[in-house]
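**Q** Dropping a structure here in structure tokens format, bear with me for questions.
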Amino acid sequence: MKDKNLKFKILAVLGLIGVAVFLYLHVFGIIDPFGIMPSPAPTFTPLPIATSTQVPTFAVTVLPTADVTPTPTPTPTNTATPTFTPTPTFTPTPTPTPAVVNITSVGDILMHASIWRYYEGFFQNFTEDLEWGDLNCLNQETILVDESLGISGYPQFGSPFYVGDKELECGFNVICTATNHMMDKGIAGIQSTLGYWADKDAVVLGVHADENEPHYAITEVNGVTFALFNYTYGTNGIEVPKEYSYMADVEKKLEVSRKKEDDVDEPLDEYEERIRNGMLNSRLVADIRELNDQVDVVIVFPHWGKEYRYQPTSSQKVAARVLAEAGADIIIGTHPHVIEPMETIKADNGNECICYYSLGNFVHGQDKWERCLGAMAKVVVTKNWDGLSIEATAEPNVCHQYKSSSKNPNFYPFRLSDYTDDLAKKHRLFEDGNGLTVDNLKDLWNQVFGEETPKLTIEIEAR
């Protein structure tokens, strides 16, 4: 029994040894009884390099070219080229350059007989001001007439044409003729002055040759449009014939006297209401209202007020408010022969207006020294895209009147700032220092305009 078990154990051991040897030989590729081992890489044997330089020849057979027509490329059905919309770039709008108009205006050219013989030096001291101004305005107090009608002084004036020549030569281009003396030579005088001014380069206000003419002038300066009016309160009792009423611009409501009953003045409020109602129904106010939205600036030159009075009358104040309410932007008054103040008027409807109540005399032969002090209005109108501004002030002038023994021209004005004590002593109204002196002139100016002459500004929205 033991011998059998021993044999069996020996055979088992030998079997295990055999299996182990087999696995070893298979793993290391020595034997592959099942054909699953990878084939060895083939051995590459390089071809021998030819030693001959002879280039081998080859037989090439060329096939005939086939007649092939290429298939056309199909045309796309949508041939529209796509468009590209670029992003817009922002270009700022340039700010327009403001339009500027400079305006000067002087008072009465009151041609007494003692003056028109000495006309050469009238304006020689105001060359710079007239060159500065674009619109240079004056009040031609006395009518210009042909010599056939009679050249004359006070009380019924007729002034020679060469006075107008000198005004034009010096640069005045707006002539106001509606004054209380415009009928001094009757309708013939108006016709004569119309004939003189007809071919002159100036805007002439207050007189008309044709009944179809408007009673105003429209002019454009530097891109700014102006409507200009000139009316007088009356004609010294010499009525304009009805058939010629169109020739003279008269508005009696500009200066109305108060009624008196039993030596008691008409109550002020009733008086002012009467003036207001009369002005509201006037052609002047109707025309201003009509033109207000058609022009940039409305200027009215009223001949009004009381002579030799330094403050405006109630009638002037009421009329000025009505004109401002209608649309007047600037009012430049004359007639009192002395200066009156300037102010800004604000009408009940909110309209604002700059008003010079009186510029006084510019050239004259009157014999009171106070009447030698005048004012030059100086105005700057600036127009922008959104509206305009009006700036206004005044400068004093004095009409110098040499004593008759002087060889110099008898009459011509100076700026008060240029006037000296030595000149004042040569004035015919000096009166040993009790009359016309530089100090007296300055004191009178300060009483009316204030020690600081007003500098007024109003703003007007674009119309």
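**Q** I need a count of the residues in the range 406-428 that are part of a helix (DSSP H, G or I) and modelled with pLDDT under 95. So that I can check it myself, show each step before the final result.
**A** Taking the range 406-428 and keeping what is part of a helix (DSSP H, G or I), we get 416-418, 421-426.
Then drop every residue that is not modelled with pLDDT under 95, which leaves 421-426.
Counting residues in the range 406-428 that are part of a helix (DSSP H, G or I) and modelled with pLDDT under 95 gives 6.
For (1) among the polar types (S, T, N, Q); (2) open to solvent by 30 Å² or more (accessible area, probe 1.4 Å); (3) at pLDDT 95 or above, each residue gets a yes or a no:
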residue: Ile175; (1), (2), (3): no, no, yes
residue: Thr179; (1), (2), (3): yes, no, yes
residue: Gly189; (1), (2), (3): no, no, yes
residue: Ser192; (1), (2), (3): yes, no, yes
residue: Trp197; (1), (2), (3): no, no, yes
residue: Val203; (1), (2), (3): no, yes, yes
residue: Ile218; (1), (2), (3): no, yes, yes
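**Q** Related question: Being of a type in the set (D, E, K, R) and surrounded by fewer than 13 Cβ atoms within 10 Å (Cβ to Cβ) is the filter; apply it to the range 241-250 and report the residue that is farthest from Glu272 (Cα to Cα).
**A** Filtering the range 241-250 down to residues of a type in the set (D, E, K, R) leaves 242-243, 249.
Filter once more, so that each one left must be surrounded by fewer than 13 Cβ atoms within 10 Å (Cβ to Cβ): 242-243.
Details: Lys242: 28, Glu243: 31 Å.
The extreme case among them is Glu243.
**Q** Go over the candidates Gly153, Gly171 one by one and state the one that is modelled with pLDDT under 95 and of a type outside the set (Val, Ile, Thr). Lay out the reasoning, then the answer.
**A** Values: Gly171 fails: modelled with pLDDT under 95.
Of the residues listed, the single one that is modelled with pLDDT under 95 and of a type outside the set (Val, Ile, Thr) is Gly153.
**Q** Taking only the range 126-158 into account, find how many residues are closer than 23 Å to Asp201 by Cβ and in contact with a helix residue (DSSP H, G or I) (Cβ under 9 Å, 6 or more places away or on another chain).
**A** Taking the range 126-158 as the starting set, the residues that turn out to be closer than 23 Å to Asp201 by Cβ are 126-146.
Restricting the remaining residues to those that are in contact with a helix residue (DSSP H, G or I) (Cβ under 9 Å, 6 or more places away or on another chain) gives 126-127, 130, 136, 138, 140, 142-146.
Within the range 126-158, residues that are closer than 23 Å to Asp201 by Cβ and in contact with a helix residue (DSSP H, G or I) (Cβ under 9 Å, 6 or more places away or on another chain) number 11.
**Q** Can you pull out every residue in the range 241-258 that is modelled with pLDDT under 90 and touching a strand residue (DSSP E or B) at 6+ places or on another chain (Cβ under 8 Å)? Walk me through how you get there before you give the answer.
**A** Just the residues of the range 241-258 that are modelled with pLDDT under 90, to begin with: 255-258.
Scanning the range 241-258 gives a single hit, Arg258.
**Q** Select from the range 222-240 the residues that are farther than 16 Å from Ile288 by Cβ, under 21 Å from the mean Cα position of the chain (by Cα) and either among the polar types (S, T, N, Q) or open to solvent by less than 20 Å² (accessible area, probe 1.4 Å) (or both) and list them in ascending order.
**A** Within the range 222-240, Asn222, Val224 meet the criteria.
**Q** Give the range 335-369 a look and list any residue that's more than 14 Å from Pro413 (Cα to Cα), touching a residue at least 60 places away in the same chain (Cβ under 8 Å) and open to solvent by 10 Å² or more (accessible area, probe 1.4 Å), or say none. Reasoning before the result, please.
**A** Taking the range 335-369 as the starting set, the residues that turn out to be more than 14 Å from Pro413 (Cα to Cα) are 335-358, 367-368.
Those left that are additionally touching a residue at least 60 places away in the same chain (Cβ under 8 Å): 335, 337, 339-344, 352-354, 356, 358, 367-368.
Across the range 335-369, the qualifying residues are Pro341, Met342, Glu343, Thr344, Glu352, Asp367, Lys368.
**Q** Now for a different question. Has the range 137-160 got at least one residue that is surrounded by 15 or more Cβ atoms within 10 Å (Cβ to Cβ) and within 25 Å of the chain's Cα centre (by Cα)?
**A** As a first pass, look at the range 137-160 and keep what is surrounded by 15 or more Cβ atoms within 10 Å (Cβ to Cβ): 137-146, 149, 151-154, 156-160.
Narrowing the set further to residues that are within 25 Å of the chain's Cα centre (by Cα) leaves 137-138.
The answer is yes; a qualifying residue exists.
**Q** Can I ask one more? Report, by residue number, each residue of the range 194-208 that is in contact with a helix residue (DSSP H, G or I) (Cβ under 8 Å, 6 or more places away or on another chain), under 21 Å from Glu220 (Cβ atoms) and of a type in the set (A, V, I, L, M).
**A** Residues satisfying the conditions are Ala202, Val204.
**Q** Hey, any hits in the range 297-305 for a residue that's closer than 22 Å to Lys185 by Cβ and surrounded by fewer than 16 Cβ atoms within 10 Å (Cβ to Cβ)? Write out each step before concluding.
**A** Filtering the range 297-305 down to residues closer than 22 Å to Lys185 by Cβ leaves 301, 303.
Now narrow it down to the ones that are surrounded by fewer than 16 Cβ atoms within 10 Å (Cβ to Cβ): none.
No, the range 297-305 contains no residue that is closer than 22 Å to Lys185 by Cβ and surrounded by fewer than 16 Cβ atoms within 10 Å (Cβ to Cβ).
Rundown of residues vs (1) basic (Lys, Arg); (2) assigned to a strand (DSSP E or B); (3) over 18 Å from His364 (Cα atoms), yes/no style:
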position	(1), (2), (3)
Lys166	yes, no, no
Ile175	no, yes, no
Met183	no, no, yes
Ala188	no, no, yes
Ser192	no, no, yes
Gly195	no, no, yes
Lys200	yes, no, yes
Glu213	no, no, yes
Leu228	no, yes, yes
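**Q** Just checking, does the range 302-310 include any residue being among the hydroxyl-bearing types (Ser, Thr, Tyr) and over 22 Å from Met376 (Cα atoms)?
**A** no
**Q** Across the range 409-436, what is the total count of residues that are buried (at least 20 other Cβ atoms within 10 Å of the Cβ) and of a type in the set (Ser, Thr, Tyr)?
**A** Total satisfying the criteria: 2.
**Q** Then there's this: What are the pairs, 6+ residues apart or on separate chains, where a residue within the range 440-463 that is in contact (Cβ under 8 Å) with a residue 60 or more places away in the chain and part of a strand (DSSP E or B) has its Cβ under 6 Å from a residue that is open to solvent by 80 Å² or more (accessible area, probe 1.4 Å) and of a type outside the set (Val, Ile, Thr)?
**A** Pairs that qualify, where the first residue is in contact (Cβ under 8 Å) with a residue 60 or more places away in the chain and part of a strand (DSSP E or B) and the partner is open to solvent by 80 Å² or more (accessible area, probe 1.4 Å) and of a type outside the set (Val, Ile, Thr), are Thr457/Glu391.
**Q** Out of Glu395, Glu340, I need the residue that is among the charged types (D, E, K, R) and over 23 Å from Gly234 (Cβ atoms). Which one? Outline the logic, then answer.
**A** Values: Glu340 fails: over 23 Å from Gly234 (Cβ atoms).
That would be Glu395, the only listed residue that is among the charged types (D, E, K, R) and over 23 Å from Gly234 (Cβ atoms).
**Q** Now a separate question. Look at Ile331 and say whether it is closer than 15 Å to Cys137 by Cα and under 20 Å from the mean Cα position of the chain (by Cα). Spell out how you get there, then give the answer.
**A** Numbers: closer than 15 Å to Cys137 by Cα: yes; under 20 Å from the mean Cα position of the chain (by Cα): yes.
Answer is yes for this residue.
**Q** Any idea which of (1) more than 21 Å from Ala377 (Cβ to Cβ); (2) touching a residue at least 24 places away in the same chain (Cβ under 8 Å); (3) surrounded by fewer than 22 Cβ atoms within 10 Å (Cβ to Cβ) is the one Lys253 doesn't satisfy?
**A** (3)
**Q** Would you check if there is a residue in the range 377-385 being part of a loop (DSSP other than H, G, I, E, B), open to solvent by 10 Å² or more (accessible area, probe 1.4 Å) and among the aromatic types (Phe, Trp, Tyr)? Break it down stepwise before answering.
**A** Step one: filter the range 377-385 for residues part of a loop (DSSP other than H, G, I, E, B), giving 385.
Filter once more, so that each one left must be open to solvent by 10 Å² or more (accessible area, probe 1.4 Å): 385.
Filter once more, keeping what is among the aromatic types (Phe, Trp, Tyr): 385.
Yes, because at least one residue in the range 377-385 is part of a loop (DSSP other than H, G, I, E, B), open to solvent by 10 Å² or more (accessible area, probe 1.4 Å) and among the aromatic types (Phe, Trp, Tyr).
The rows are residues; the columns are (1) of a type in the set (D, E, K, R); (2) under 21 Å from Trp304 (Cβ atoms).
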| position | (1), (2) |
| --- | --- |
| Glu352 | yes, yes |
| Tyr356 | no, yes |
| Arg371 | yes, yes |
| Leu423 | no, no |
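The values are calculated or read from the model by the stated rules, or taken from the named source; none is laboratory data. Fair warning: this is a prediction, and the values are worked out from it, not measured in the lab. Don't worry about glycine lacking a Cβ; one is built from the backbone with ideal geometry, like all the others, and counts go over all protein chains shown. Protein only, heavy atoms only, side chains kept; ligands, DNA and RNA dropped before computing areas. Shrake-Rupley method; radii C 1.70, N 1.55, O 1.52, S 1.80 Å.
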